[in-house]
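Below: the structure, in structure tokens.
Read-outs throughout are calculated quantities, based only on the coordinates presented, and are distinct from any laboratory measurement. Predicted, not measured: the structure shown is a model, and the values here were computed from it. Here the Cβ is made from the backbone with ideal geometry for all residues, glycine too, and neighbour counts use every protein chain on show.
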Amino acid sequence: MVKKGKMVSICFYFQVHQPCRLRKYSVFDIGVNHNYFDEQKNKEVIQKVARKCYLPANEIMLQLINKSDGKFKISYSLTGCVIEQFEKYSPEVLESFEKLAKTGNVEFLSETYNHSLASIFSKRDFIEQVNIHQKKIKELFGQSPRVFRNTELIFNNEIANNVQNLGFKGILAEGADHVLQWRSPNYVYTAKTDATKHTAKMKLLLKNYRLSDDIAFRFSEKTWSEWPLTVEKYARWINNINGNGHVVNLFMDYETFGEHQWEDKGIFEFIRLLPYELSKHPDNDFVTPSEAIERYNAVGELDIHHIISWADVERDLSAWLGNRMQNEAINGLYSLESDIKNFGSPALIGEWRNLQISDHFYYMCTKWFNDGDVHKYFNPYDSPYDAFIAFMNILNDFKMRLKSEKEHAYRRASLKIKNLLNRPKNSKLNKYPNQEILKRGKKLSKRA
């Protein structure tokens, strides 16, 4: 049902992610030390951010839902990387998300389990990671995600088509100016996909990046012309959209609250008061992404051939693939897929996927102008070259381990084939000629 009149809905979506950070892995570690991930650093960071952001923010969100008689609604996506770290180092955070899920006012979206760029480099692994993530969300929160959020809001027609084929009803993307041109991000659109007359086209929710970034990036910036940002001022900006849009999509990193914008800057008080201020306008309400796509008809189709994202000024892939180091690293990693899938152990496949985490390539970015401060702020390395060297050292060691597992698999397969060919006279396999046995052996070598 499509609501009429001048109502505008507010759709809050928060991304929750922490990478599995790599050790400063040197050339002398290759072939000697196979521990790639800095677990001590990961533990320290997740517990610090849990204390500063996740726990207090979740408590505020729970209070807002309970005090609003169910009118306040929000949505999240949690990467598999951050979920695993919560399970190991901060289980109380997962418990607080479970409490939010039980309210019925929180929607959990799906994404790649490893916060990877697989949607660009490997359709097969992309699908596998999405399926793993969906199962994890169902296990933890009892929800089967209906809306998809790709890593860093990376999007184009091809990605939209692949996501629609997985059964999702909606997808999030960046409301980039060069894509929208004269259009507004405050409406629902459809993605250009290969939908048939029997399949409804997947709906597209676009981030209002100006209003989102006013909170996420500019909230405590004293040089900003609108500083200080009050709830009254912000609510007035949203109220002005009434009659000129259906839904205001406020998408941002959850770490905005308490980590990127510190508590002493007033960010928690701001988000605590904002829903009340917005609710003063009789035509405002709150929706989850699924509710937005069900409630509002699409006003048009967006044909997006070139890949967009929510990163940096360019809103493209240059944060991860903007230089030769990044391309060499990521292409080298994905070139191993065939062997890793055929011969790698489950543990090795898991490590390969954690090496796909987009942050590893983000740290190699050499853009130092408008976006430079952002890249330096989140970068654990002294330089992007250090990030590249550490990653390539790890990749070289990983290749050696994969080669060893592949050789071991061939040896096991050869032994199985030998045993098949030297089978006893009473073997049930005697009804097959040796040529058929060899074919079976080749299949065994792939599964060995």
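May I ask which of LYS41/LYS406; LYS102/LYS136; LYS71/LYS99; LYS73/LYS201 have a Cα-Cα span longer than 23 Å here? From LYS41/LYS406; LYS102/LYS136; LYS71/LYS99; LYS73/LYS201, over 23 Å: LYS41/LYS406; LYS73/LYS201.
Rounded to the nearest Hz, the phi-derived 3J(HN,Hα) couplings of the stretch 207-215 under the Karplus curve 6.51 cos²θ - 1.76 cosθ + 1.60 (θ = phi - 60°) are 5, 7, 6, 5, 5, 5, 6, 4, 8, where x marks glycine and proline. Taking amide H as placed 1.01 Å from N in the peptide plane, the amide H of TYR187 sits under 5 Å from that of HIS246, VAL247, each at least 5 places away or on another chain. Taking the DSSP bridge list for the stretch 8-302 and keeping only pairs wholly inside it, about 10 percent are antiparallel.
Listed peptides 108-116, 147-155, 300-308 appear in the order 108-116, 147-155, 300-308 once ranked by packing, highest mean of other Cβ atoms within 10 Å at the front.
Stokes-Einstein diffusion for the stretch 117-192 at 4 °C, viscosity 1.567 mPa s, with a Kirkwood radius from C-alpha pairs, works out to 96 µm²/s. Projecting each Cα onto the charge dipole of the chain (Lys/Arg +1, Asp/Glu -1 at the beta carbon, about the Cα centre), which of MET400, GLN47, ALA160 comes out farthest on the positive side? Comparing the listed Cα positions along the dipole, MET400 ranks first.
I need the fraction of alpha carbon pairs in the chain separated by more than 29 Å, rounded to a whole percent. Tail fraction, whole percent: 52. Roughly how many Å is it from the Cα centre of the stretch 215-258 to that of the stretch 259-312, as a whole number? When both Cα centres are located, 9 Å separates them.
3J(HN,Hα) along the stretch 140-150: 7, 10, x, 10, 9, x, 10, 10, 10, 10, 6 Hz, from the Karplus curve 6.51 cos²θ - 1.76 cosθ + 1.60 with θ = phi - 60°, whole Hz, x for Gly and Pro. Taken about its Cα centre, the stretch 8-302 carries a charge dipole of roughly 420 debye when the Cβ of each Lys and Arg holds +1 and the Cβ of each Asp and Glu holds -1. Judged by the mean number of other Cβ atoms found within 10 Å, the most tightly packed of the peptides 250-258, 205-213 leads the ranking 250-258, 205-213. Our helix-only sum for the chain, with -39,500 (n - 2.57) per DSSP H run of n ≥ 4 divided by its residues, gives a mean residue ellipticity at 222 nm of -14000 deg cm²/dmol. Checking the Cα-Cα distances for LYS52/LYS88; LYS52/LYS207; LYS52/LYS265; LYS67/LYS233; LYS48/LYS265; LYS135/LYS192 against a 20 Å cut-off, the pairs over it are LYS52/LYS207; LYS67/LYS233; LYS135/LYS192.
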